[in-house]
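Read-outs throughout are calculated quantities, based only on the coordinates presented, and are distinct from any laboratory measurement. Please read all numbers here as calculations on a predicted model, not as lab measurements. Cβ coordinates were reconstructed from backbone atoms using ideal geometry, including for glycine residues, and neighbour counts include every protein chain displayed.
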Amino acid sequence: MLPIGRRPLLSMLAAGGTLTTLLAARQGMAAAGGLSPAAPKPVPPLSFTDADGKPYDLGAFPGRMLLVNLWATWCAPCVKEMPALDRAQQALGDENWAVLPLSSDRGGAAQVTPFFERTGLKHLKIWLDPRGAAARAVGARGLPTTLVIDRQGQEVARLEGDAEWDSPAMLGQLQALARG
């Protein structure tokens, strides 16, 4: 997981750690532990656009479970997990889920569209947040960060770091969250 700001990195370095240690610890937590379910809590208003620049917010997906993934093309762990997110969307699409990968790439669609084409992503739509407002609004400490939002618009789980979103264990966790 890559830090969004310098403060977490500086705190960790002041404590005698290294960037490699920090990244390995966070990625290990994500890979080993899976999602961190929590008591439902409100999600701040999030706005983003599609590839054509049309504005959206989470209200555009009423009654659906949402997997909101904050990512960027320059983030290696983000790039690593995108094919798994694409397969998860395919697997969960019939169960009234929407996977929303919100790209914080400043280049917008001009940068993200070629990435989708190059990596063969077919089940995900392009969603853009080039100013990273969503990450700041939800208090993401780095990229990738993924939120699970229930049908009532409440955050019910979060994962910091990359994950195998299409693994049977992860799909099972997501399905259990959808059942409540």
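Based on C-alpha pairs under 8 angstrom that are at least 6 apart in sequence, the range 23-171 has a relative contact order of 38 percent.
So, how do all the Cα-to-Cα distances of the range 127-172 break down into 10 Å bins, in percent, from 0 on up? Over the range 127-172, the share of Cα pairs per 10 Å bin runs 22, 50, 27, 1 percent. From most to least packed by mean Cβ count within 10 Å, the peptides 112-118, 94-100, 83-89, 157-163 give 157-163, 83-89, 94-100, 112-118. With N the number of residues in the range 66-180, Rg(Cα) / (2.2 N^0.38 Å) evaluates to 0.99.
For a quick protection proxy, order the peptides 142-148, 46-52, 129-135 by their average other-Cβ count within 10 Å, most packed first.
Those peptides, ordered most packed to least, come out 142-148, 129-135, 46-52.
Alpha carbon centre of the range 60-119 versus the range 125-180: separation in Å? If you average the Cα positions of each part, the centres end up 10 Å apart.
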